[in-house]
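Following: one structure in structure tokens, then a few remarks.
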Amino acid sequence: MNARRISLNPNSPLPLYYQLQEDIRERIESGEYAPSTMLPTEAELSAAYGVSRATVREALRGLAERGLVEKRQGVGTFVSGKKISEKLPGVYSFSTEMRLRGYGYAVRSEVLNKDYIEPPRRISALLELEEGSQVLRVRRLRYVDDKPFLISISYLPPFISIEDDFTGSIYQLLQTKYDLLVISGEASIEAGIAEEEEAYLLRIQPTDAVLRISWLGQAMGGQFVEYSEGTYRGDCYRYIVQLHR
């Protein structure tokens, strides 16, 4: 930040802390403050904007709540890493979505476990399976540029082989081996708090915010071929919903 003093408008109906918060937000979004860089100290911001330290702290608190910055105890306040965005509606696998949108991220999956189970009645009904049918359950930890961001549990019809390679795109596997092209689906998104095991796998703190997204995928011909439940890191992931009238 330049050493010159930056004037806020004391006559504005907007509180000073909010004006300061918005100015810093604009600097972050313009790239002046790049992801993972440290912001000026509270004292430096106070001097630059001509406001109290309490005003600066309130502005930084608001930015942190919006996921734009993160405070590291004893070190300072840093700009959060760039969030990975995915548009809704969409029926591509995540790895395909990243490739098509040109993000250039390295996406990989680690299979935590896979087994055949008799699913809860709710999942059996969603996949339109006969009573008593099993499903293949595949639990994976997904990484972007070697940073864990998603724990996913996929429930697949019993004809899918447990010996298949699930380290790549499941939708690509379904299409190339089983001639099943996913063309539609339904997603449910809700906010949540990380449980202890989730926090350990995602390298976040217990009670940190997460997104919980369930997805039901339907192939051409009407067959439901996957029900999945995903837990996403709330600090580096967001969905964009496009609406049309």
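The values are calculated or read from the model by the stated rules, or taken from the named source; none is laboratory data. Fair warning: this is a prediction, and the values are worked out from it, not measured in the lab. Cβ atoms come from the backbone with ideal geometry, glycine included; neighbour counts cover every protein chain shown.
Residues of the stretch 141-160 that are part of a loop (DSSP other than H, G, I, E, B), of a type in the set (A, V, I, L, M) and either more than 18 Å from Lys114 (Cα to Cα) or not assigned by TED's automatic domain parsing to the domain that holds Glu226 (or both): none at all.
Summed over the stretch 129-160, residues that are touching a residue at least 12 places away in the same chain (Cβ under 8 Å) and out of contact with any Pro (no Cβ under 9 Å at 6 or more places or on another chain) total 21. For Glu197, the conditions (1) closer than 15 Å to Leu112 by Cα; (2) in contact with a strand residue (DSSP E or B) (Cβ under 8 Å, 6 or more places away or on another chain); (3) not in a loop (DSSP other than H, G, I, E, B) all hold with the exception of (2).
When we screen Ile189, Ile170, Ile204 for residues that are surrounded by 18 or more Cβ atoms within 10 Å (Cβ to Cβ) and either touching a Leu at 6+ places or on another chain (Cβ under 8 Å) or of a type in the set (Lys, Arg) (or both), the only hit is Ile170. Candidates are the residues of the stretch 28-46 that are within 23 Å of the chain's Cα centre (by Cα) and not hydrophobic (A, V, I, L, M, F, W, C); the one that is farthest from Thr77 (Cα to Cα) is Ser30.
Looking across Glu186, Glu163, one residue alone is charged (D, E, K, R), without any contact (Cβ under 8 Å) to a residue 40 or more places away in the chain and outside any loop (DSSP other than H, G, I, E, B). It is Glu186. Residues in the stretch 50-79 that are within 11 Å of Gln21 (Cα to Cα) and hydroxyl-bearing (Ser, Thr, Tyr): Thr55 only.
Assess whether Val56 counts as being modelled with pLDDT of 80 or more and within 30 Å of Ser152 (Cβ to Cβ). No. Scanning the stretch 147-168 for residues that are polar (S, T, N, Q) and under 16 Å from Gly217 (Cβ atoms) gives Ser152, Ser154.
For the stretch 173-183, the set of residues classified as surrounded by fewer than 13 Cβ atoms within 10 Å (Cβ to Cβ) and either within 22 Å of Val111 (Cα to Cα) or touching a residue at least 12 places away in the same chain (Cβ under 8 Å) (or both) consists of Thr176, Lys177, Ile183, listed by residue number.
Tell me, please, whether a residue that is farther than 20 Å from Asp146 by Cβ, of a type in the set (Val, Ile, Thr) and at pLDDT below 80 can be found in the stretch 66-83. No, the stretch 66-83 contains no residue that is farther than 20 Å from Asp146 by Cβ, of a type in the set (Val, Ile, Thr) and at pLDDT below 80.
Candidates in the stretch 26-77 are the residues that are assigned to a helix (DSSP H, G or I) and of a type in the set (Val, Ile, Thr); of these, the one that is farthest from Gly234 (Cα to Cα) is Thr55.
Has the stretch 155-171 got any residue that is within 27 Å of Ile204 (Cβ to Cβ), of a type in the set (Val, Ile, Thr) and modelled with pLDDT under 95? The answer is yes; a qualifying residue exists.
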